[in-house]
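Taking it in order: structure first as structure tokens, then the write-up.
The values are calculated or read from the model by the stated rules, or taken from the named source; none is laboratory data. Fair warning: this is a prediction, and the values are worked out from it, not measured in the lab. For neighbour counting, all protein chains shown are included, and Cβ atoms are generated from backbone atoms with ideal geometry for every residue, glycine included.
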Amino acid sequence: MQKILTLITIILIFFTLSFLYLYKISLPKEVKATISVVSTSSESLSSSTSTSNMEDIPVVVNEAPKVCEADCSLYPVNKTNALSEKYIPTNLTSIAFSKSDKLIKEASGALSEMYLDAKSKKINIRVVSSYRSYLTQRTTFNNWVNGELKKGKTKAQAEESANTYSAREGHSEHQLGTTVDLACSTCTSFDNSKNNLALYKYIEENAYKYGFAISYYKNSESLTGYIYEPWHIRYIGKDLAKEFYLRDYLSQNGEYLSKFLYSKWLLR
């Protein structure tokens, strides 16, 4: 009986740790080691209690690859999971109302639809940034680092600060060709002017209808590693965008995009 109770306890611990592993993308090495130890102990005790008619309960902990090479449109890109240097999305096409900017065909079409809807509500949108290659992202990040260095910070401090609002190469959603930064047509990029605030409100209320989600929402820096960016939206398709929206992530309830997409990635 003692062995049976011990086995049940270990299984409960293992399931708890597995759940944490699934929803936190990257766990400390100590926790991963604990999962491994618990798994081994569970198997050992299971075999020693085979006469109890209890069956082994197999548990498989899946993990998204740390670097995505292909078919990455829904990959949970963040500071842990990266895109390959060679990754270039297929079907990049110019955005109808911003010809110099490109997204994959589906995202481009959806954004153009949203643009027309916003315009009908007297909100005029311009694209600040769209698809960026791996190398362009490297240049972009380094430019922000140089800006921080000019403030008198050390290299390490400058990189840390820049990485709260700019991604390192391979870790940017812009490389997916599904992500844009937006501003009102007469506004400075990334500010809180009256017309930009109207745009941000429109995005919150309507972007999901066109398949977009806000990647870095208000007060989510401790979860995502990035500051609040109401102008930064990622295309994930209308069905997923609606599902994510209905999880009420805008209420700051702990839901965030890469966590949501990670769970979907594991189910592919």
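See the values below:
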{"item": "Candidates V127, V145, V180 - the one that is in contact with an Asp or Glu (Cβ under 7 Å, 6 or more places away or on another chain), within 16 Å of I214 (Cα to Cα) and among the aliphatic types (A, V, I, L, M)", "result": "V127"}
{"item": "Residue list for segment 172-201, restricted to those being of a type in the set (D, E, K, R) and either assigned to a loop (DSSP other than H, G, I, E, B) or surrounded by 14 or more Cβ atoms within 10 Å (Cβ to Cβ) (or both)", "result": "E173, D181, D191"}
{"item": "Residue match in segment 230-237 (condition: part of a helix (DSSP H, G or I) and buried (at least 18 other Cβ atoms within 10 Å of the Cβ))", "result": "no"}
{"item": "Residue within segment 92-99 that is touching a strand residue (DSSP E or B) at 6+ places or on another chain (Cβ under 8 Å), among the aliphatic types (A, V, I, L, M), assigned by TED's automatic domain parsing to the domain that holds G177 and farther than 21 Å from W265 by Cα present", "result": "yes"}
{"item": "Breaking point among (1) crowded, with 22+ Cβ neighbours inside 10 Å; (2) touching a Leu at 6+ places or on another chain (Cβ under 9 Å), for L257", "result": "(2)"}
{"item": "Selection from segment 79-118 of residues that are within 21 Å of T136 (Cα to Cα) and of a type in the set (F, W, Y)", "result": "Y87"}
{"item": "Selection from segment 96-124 of residues that are closer than 30 Å to E221 by Cβ and without any contact (Cβ under 8 Å) to a residue 40 or more places away in the chain", "result": "S98, S108, Y115"}
{"item": "Qualifying residue in segment 207-219 (condition: of a type in the set (G, A, S), under 26 Å from A162 (Cβ atoms) and either in contact with a Leu (Cβ under 6 Å, 6 or more places away or on another chain) or part of a strand (DSSP E or B) (or both))", "result": "yes"}
{"item": "Residue selected from segment 202-229 under the condition over 13 Å from the mean Cα position of the chain (by Cα) and among the polar types (S, T, N, Q), by the criterion surrounded by the fewest Cβ atoms within 10 Å (Cβ to Cβ)", "result": "S222"}
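One line per residue, one yes/no per condition, for (1) surrounded by fewer than 19 Cβ atoms within 10 Å (Cβ to Cβ); (2) in a loop (DSSP other than H, G, I, E, B); (3) at pLDDT 95 or above:
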| site | (1), (2), (3) |
| --- | --- |
| T93 | yes, no, yes |
| L111 | no, no, yes |
| Y115 | no, no, yes |
| A118 | no, no, yes |
| R126 | yes, no, yes |
| G152 | yes, yes, yes |
